[in-house]
Amino acid sequence: MTSWRKSSYSSDGNCVEVGRGVGVRDSKAPSVRLPLTAHQWTQLLRLVKSS
């Protein structure tokens, strides 16, 4: 089982959760997730930070 972590910026329940080695999901629809490899996660973070 994966431990999901919510963003520290989450205050009203609208957030993205991250599961180590699994991917990301919307906290309002936890059964749906976007699987990401470690490399894909790194690329996603790089893209978000550069925006």
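The values are calculated or read from the model by the stated rules, or taken from the named source; none is laboratory data. Source: prediction; values computed, not measured. No Cβ is skipped: glycine too gets one built from the backbone with ideal geometry, and neighbour counts run over all protein chains shown. Just so you know, the surface numbers come from the protein's heavy atoms only, side chains and all, with ligands and any DNA or RNA stripped out. Shrake-Rupley method; radii C 1.70, N 1.55, O 1.52, S 1.80 Å.
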Task: Residues that are open to solvent by less than 50 Å² (accessible area, probe 1.4 Å) and on the phi > 0 side of the Ramachandran plot, drawn from segment 1-27 - done: G13, G23
TODO: Could you give me the residue pairs with C-beta distances under 6 Å whose first residue belongs to segment 27-51 and is touching a residue at least 12 places away in the same chain (Cβ under 8 Å), whose second residue is surrounded by 11 or more Cβ atoms within 10 Å (Cβ to Cβ) and of a type in the set (D, E, K, R) wherever it lies, and which are 6+ apart or on separate chains?
DONE: S27/E17; R33/R25
TODO: Note down all Cβ pairs under 6 Å where the first residue falls in segment 1-17 and is under 19 Å from L44 (Cα atoms), the second is open to solvent by less than 100 Å² (accessible area, probe 1.4 Å) and among the aromatic types (F, W, Y), and they're at least six residues apart or on different chains.
DONE: E17/W4
Open item on the list: One residue is enough: does segment 34-46 have a residue meeting the conditions touching a Leu at 6+ places or on another chain (Cβ under 8 Å) and surrounded by 12 or more Cβ atoms within 10 Å (Cβ to Cβ)?
Closed with: yes
Open item on the list: I need the full set of residues from segment 15-39 which are touching a strand residue (DSSP E or B) at 6+ places or on another chain (Cβ under 6 Å) and small (G, A, S), in order please.
Closed with: G19, G23, S27
